[in-house]
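A short write-up of the structure that comes next.
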Amino acid sequence: VLAEKRSLGSRDGPPHLVVLVPLHSRAAAHDPLRLLQSQDSAVVHVGEGRARGFALLCPRLKQRWRFVTAQAGDLYAVLDLAKVADSLLFILDPTDGWDSAGEHCLSCLFAQGLPSYALAVPGCTDLPPKKRIDAKKKLTKAIEKRFPEAKLFPLNTEQESSLLLRHLATQKQRHLAFRDRRAHLLAYAAEFVPGQESDLVGTLKVSGFVRGQTLDVNSLVHIVGHGDFQMSQVDAPPDPLSLNPRVVKGQKRSQDMEVQDGSVNGTDEMEEDVKVLMKADPSKQESLQSEVVPDPMEGEQTWPTEEELQEAEDCLKANRRVVKVPKGTSKYQAAWIVDDGEEGSEKDDDEYDDIDDDMMEEAVSQEGESSEEEEEPADEECETMTISESLRDDQYDEKVEEDEQMLERYKQERMDEMFPDEVDTPRDVPARVRFQKYRGLKSFRTSPWDPKENLPRDYARIFQFQDFSRTRKNLFRQIEKDEMEGALVGWYVTLHVCNVPVSVMESFKEGKPLVLFSLLPHEQKMSVLNFLVRRHPSNNCGFRRFRASPLFSQHTSADKHKLERFLRLDAALVVTVYAPITFPPASVLLFKQRSNGMHDLIATGSLLSVDPDRIIIKRLVLSGHPFKIFTKMAVVRYMFFNREDVMWFKPVELRTKWGRRGHIKEPLGTHGHMKCHFDGQLKSQDTVLLNLYKRVFPKWTYDPYVPEPVPWVRSESTLPVQEVEME
């Protein structure tokens with residue numbers, strides 16, 4: 001720990017990168033920058049106008065800092081700078097602390113991962129002397145929730161700025177796992193060299209200090225907000241922020257150090273003598289291939305061999321069972337008939353069925369010839385029912401108009417009931433057609449579901465690990481052993497990034513931070529990522545940023561996970577998207593774009609797994625109403641509206657809202673009424689439910705380019721603890 005603290009900002013380590021983040025519209029960063037530049041023992045390098053910052057060198061203290069100011073209102077710029085910053089310096093307003101935009105910025109920073117930080121309060125001397133103590137007490141109380149152990153540093157004099165610098169240099173550094181395992185740098189200078197074929201694409205020469213891990217030229221780099229790229233070579237130009245100006249990597253420089261102004265494009269350092277550290281080896285260089293090119297003929301099935309046919313026949317014989325079925329029953333229908341052993345529990349209920357049959361003469365009707373056409377074998381237990389001529393199907397269906405009116409009233413009563421996954425059975429389309437992709441499950445938890453069954457075409461484009469956990473452990477173990485070769489941490493290098501669009505350089509010239517992260521092996525390849533997130537209470541990441549259409553599902557330990565249609569406030573859910581592979585741990589921030597271009601933070605969390613085999617099941621619930629209730633029998637209506645649908649869904653088990661289970665015995669009439677058997681007597685206010693399930697997959701809407709959001713509109717408001725809690 002001591003060695004790490006001494007290396008940061010020293011001669012052998014990278015400069016101490018401090019990012020100034022104003023949290024209030026009145027908390028401008030100009031005065032703090034002016035005070036920090038007025039150190040007597042320091043030599044200031046000014047010249048990062050595009051990055052709104054400067055470098056501060058203290059040869060007497062053997063320390064060097066680089067201060068960068070985040071643009072107020074640019075949320076992505078603040079987040080990108082925080083990913084690489086050693087320390088964050090929050091600039092607070094002496095009276096209000098932070099406004100609504102500052103609150104939103106803090107929420108995102110805490111969710112992404114907060115490095116070491118300090119709180120500075122400039123402008124206290126502008127307040128009347130009588131109000132200074134009250135303002136300080138109010139501000140101290142306001143920061144207790146966000147920063148329980150933080151100390152406020154007034155920043156009005158040079159002496160106070162010296163105390164702040166000493167605190168920044170000696171405070172304990174907080175580690176962020178996603179950047180400690182990857183090499184990264186913040187661009188100090190950049191130069192764009194157009195390509196031979198087009199001026200829109202070329203080589204981007206980015207200079208900066210290597211941080212985190214050793215940088216390998218054969219690995220890929222991710223430019224935050226722009227995508228993944230390859231490197232051609234790594235150079236070692238002279239260090240522009242050296243504490244020893246006379247000898248910098250063998251080069252003689254002037255002994256006089258004074259305030260220096262950098263160039264507009266920051267390319268003066270590159271024009272001096274440059275030493276080539278390493279060049280990319282095409283045989284070892286990581287490929288940019290992110291998707292698999294599917295072969296449309298790969299899924300074609302060949303004719304099975306004799307051995308495979310014989311094996312299938314033996315398997316069928318082993319699983320063959322003998323059951324008693326009525327005459328004329330097909331093999332498919334016989335497969336749904338339970339064994340005699342399973343029917344044993346129902347034989348005791350036959351005496352109740354006989355009683356129910358007498359009571360159902362008023363409600364049950366079948367076709368006149370059904371008793372003769374569907375005569376069962378003599379050796380099988382059969383029910384005998386006498387049907388009067390007045391209760392034929394044509395007369396049974398006479399009350400359809402009354403049923404229609406009752407159905408509308410029933411729907412209105414059900415409108416206020418918040419029952420999950422319940423849908424109305426369509427009237428214009430048969431239910432067997434509308435729900436043909438769904439299936440029934442005996443048990444959602446224990447029933448099997450093959451993860452390789454009926455996969456979409458997009459699954460042919462992604463990569464999958466044989467053992468993701470083992471690959472991750474081996475990769476991290478290699479990083480901990482420092483087995484990688486390349487540019488070491490603290491070196492000032494120039495990266496030659498190939499095939500970069502000119503828009504990256506234009507963004508850098510506009511003052512946007514240029515942040516680069518090296519990718520671990522396989523992190524450029526597409527797969528299915530699962531994020532564990534929780535909805536952010538303010539709504540009524542690692543190093544990547546992209547747009548996608550997620551699926552929400554429950555976070556359980558089972559092999560199947562139910563789809564959630566909404567991001568609930570009181571539970572942690574799993575978000576599934578198509579995205580490049582990322583090795584956890586990594587933080588996740590979910591934003592939703594408004595129609596006006598602003599981005600709202602809706603959920604925060606972390607990367608859970610990279611697993612395409614995670615089964616997400618969409619459930620639909622069809623509901624019916626008990627029309628006639630008997631001991632263990634009931635006539636149910638409004639679940640289906642034709643006889644064929646009842647026969648189609650007959651194998652699916654029924655359940656009720658009050659915990660009863662049963663199954664469909666037979667249809668009644670031609671308008672969807674059905675006779676059902678349950679394990680107990682139903683209540684009149686109970687509801688009969690039928691669950692249907694279908695596996696769903698995310699949509700391929702991955703887009704690595706995210707447009708810059710509209711800056712947040714700041715609203716000035718005081719931040720006492722009560723109002724913070726209410727927000």
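The values are calculated or read from the model by the stated rules, or taken from the named source; none is laboratory data. Computed from a predicted structure; not experimentally measured. Using ideal geometry, Cβ is built from the backbone for each residue, glycine included, and neighbour counts are taken over all protein chains shown. Heavy atoms of the whole protein, side chains included, go into the accessibility calculation; ligands, DNA and RNA do not. Shrake-Rupley method; radii C 1.70, N 1.55, O 1.52, S 1.80 Å.
Points to keep in mind about this one:
- Approximate spin-label separation Leu316-Ala150, in nm, with each point projected 7 Å along Cα-to-Cβ: 7.2 nm
- On the basis of the beta-carbon distance and an R0 of 22 Å, Lys665 and Arg439 show a calculated FRET efficiency of 0.60.
- Based on protein heavy atoms only, region 1-170 ends up with 41 Å² per residue of surface accessible to a 1.4 Å probe.
- Once the Cβ-Cβ distance of Val423 and His555 is raised to the sixth power relative to R0 = 41 Å, the FRET efficiency obtained is 0.95.
- The alpha carbon centroids of region 675-700 and region 600-636 are separated by 9 Å.
- Distance between modelled label sites at Trp449 and Met484, nm, 7 Å Cα→Cβ extension: 3.8 nm
- Area of Lys284 that stays accessible when all protein chains are in place (1.4 Å probe, Å², to 10): 140 Å²
- Here the simple spin-label model places points 7 Å from the Cα toward Cβ, and for Trp303 and Gln159 these points are separated by 9.8 nm.
- For region 1-170, the convex hull drawn through the C-alpha positions has a volume of 117 cubic angstrom per residue.
- In sequence order, region 304-310 has phi-based couplings of x, 7, 5, 5, 5, 5, 5 Hz under the Karplus curve 6.51 cos²θ - 1.76 cosθ + 1.60, θ = phi - 60°, and Gly or Pro positions carry x.
- In sequence order, region 153-168 has phi-based couplings of 10, x, 9, 10, 10, 5, 5, 5, 5, 5, 5, 5, 4, 5, 5, 5 Hz under the Karplus curve 6.51 cos²θ - 1.76 cosθ + 1.60, θ = phi - 60°, and Gly or Pro positions carry x.
- Long pairs among Lys136/Lys592; Lys83/Lys131; Lys560/Lys699; Lys452/Lys562, criterion Cα-Cα beyond 26 Å: Lys136/Lys592; Lys83/Lys131
- Two-decimal log10 I(q)/I(0) for region 627-691, as the Debye equation yields it once each C-alpha is a single scatterer, q = 0.12, 0.17, 0.23 Å⁻¹: -0.24, -0.48, -0.91
- Rolling a 1.4 angstrom probe over region 1-170 with all protein chains present gives an accessible area of which 53% lies on carbon and sulfur atoms.
- Legend: residues Arg445, Arg457, sorted from most to least accessible area (1.4 Å probe; ligands, DNA and RNA excluded), read Arg457, Arg445.
- Region 690-704 - phi-based ³J(HN,Hα) in whole Hz, Karplus 6.51/-1.76/1.60, Gly and Pro as x: 10, 8, 10, 10, 8, 7, 10, 10, x, 8, 7, 10, 4, 9, x
- Cβ-Cβ FRET estimate between Thr140 and Met598, R0 fixed at 35 Å, reported to 0.05: 0.65
- Normalised size of region 125-183, defined as Cα radius of gyration per 2.2 N^0.38 Å with N residues, equals 1.55.
- By accessible area with a 1.4 Å probe, ligands and nucleic acids excluded, highest first: order of Val84, Val201: Val201, Val84
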